[in-house]
């Protein structure tokens, strides 16, 4: 689950894949929503053919429509989620974009607000078994405010991605600097 960097014109695009587990979590919602929508279609077909009256079917059809949307929309949002960041030196901007189906959330900031690139180790404590470790590639401002750009599975991959971003932005890279590597950070598990 490592981020990919591509050059798009003068900009640098960092695509972060969504974990398969997150996508699979949305699949049951899509299946239940689809089944409810199929049931709604059959109910509407009964009314059109004259097998049932509109008055007796309308409350059930409205309920099926509501429940179909309640399952289908969140399920599709989980299955089709996308995340990427765009670094643009020409426009002095960085945009982090999260797309959930029809909803697009963009967080845009000036590149001048950041002083360096760092790789932060994220440790997710598990109740039983081994801890999960990932590496966040972040732009960091002078007051230690960080903007997540991408993820890596290993410290070497994180340092490689951070070095490429730092080279593009002409910023210091903590992975090559005096701190010599990653900084640990725990996340709630």
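The values are calculated or read from the model by the stated rules, or taken from the named source; none is laboratory data. Owing to the predicted nature of the structure, the values given are computational and were not obtained by experimental measurement. In this analysis, Cβ positions are derived from the backbone assuming ideal geometry, glycine residues included, and neighbour counts consider all displayed protein chains.
Checking 88, 92 one by one, the residue that is surrounded by 16 or more Cβ atoms within 10 Å (Cβ to Cβ) and within 30 Å of residue 114 (Cα to Cα) is 88 and no other.
Being assigned to a helix (DSSP H, G or I), in contact with a strand residue (DSSP E or B) (Cβ under 9 Å, 6 or more places away or on another chain) and crowded, with 16+ Cβ neighbours inside 10 Å holds for only one residue in 64, 72, 78, 12, and it is 78. Just one of (1) part of a strand (DSSP E or B); (2) without any contact (Cβ under 8 Å) to a residue 40 or more places away in the chain; (3) within 16 Å of residue 81 (Cα to Cα) fails for residue 6. It is (3).
Taking every residue in the range 53-66 that is not assigned by TED's automatic domain parsing to the domain that holds residue 40 and pairing it with any residue that is in a helix (DSSP H, G or I) and at pLDDT 85 or above, at least 6 positions away or on another chain, yields no pair with a Cβ-Cβ distance below 6 Å. Within the range 18-37, the set of residues being buried (at least 17 other Cβ atoms within 10 Å of the Cβ) and within 14 Å of residue 79 (Cα to Cα) comprises 26, 29, 30, 33. Going through the range 104-130 one residue at a time, which ones are without any contact (Cβ under 8 Å) to a residue 40 or more places away in the chain and more than 18 Å from the chain's Cα centre (by Cα)? Matches in the range 104-130: 109, 110, 112, 113, 128, 129, 130. Among the numbered criteria (1) modelled with pLDDT under 90; (2) surrounded by fewer than 17 Cβ atoms within 10 Å (Cβ to Cβ); (3) closer than 17 Å to residue 12 by Cα, which single criterion is violated by residue 133? In the conditions (1) modelled with pLDDT under 90; (2) surrounded by fewer than 17 Cβ atoms within 10 Å (Cβ to Cβ); (3) closer than 17 Å to residue 12 by Cα, residue 133 misses (3) alone.
Only one of the listed residues (86, 90, 79, 94) is touching a helix residue (DSSP H, G or I) at 6+ places or on another chain (Cβ under 6 Å) and closer than 27 Å to residue 169 by Cβ. That residue is 94. Considering only the range 169-182, I want to know if a residue exists there that is within 23 Å of residue 84 (Cβ to Cβ), at pLDDT below 90 and assigned to a helix (DSSP H, G or I). Yes: one or more hits.
Anything in the range 81-103 that is under 20 Å from residue 12 (Cβ atoms), over 8 Å from the mean Cα position of the chain (by Cα) and part of a strand (DSSP E or B)? List them, or say none. Full working, then the answer.
So in the range 81-103, the residues under 20 Å from residue 12 (Cβ atoms) come out as 82-99.
Filter once more, keeping what is over 8 Å from the mean Cα position of the chain (by Cα): 85-97.
Correct list: 85, 86, 87, 88, 93, 94, 95, 96, 97.
Restricting to the range 97-118, and then to whatever is touching a helix residue (DSSP H, G or I) at 6+ places or on another chain (Cβ under 7 Å) and farther than 16 Å from residue 170 by Cα, can you tell me which residue is modelled with the lowest pLDDT? By that ranking, first place goes to 101.
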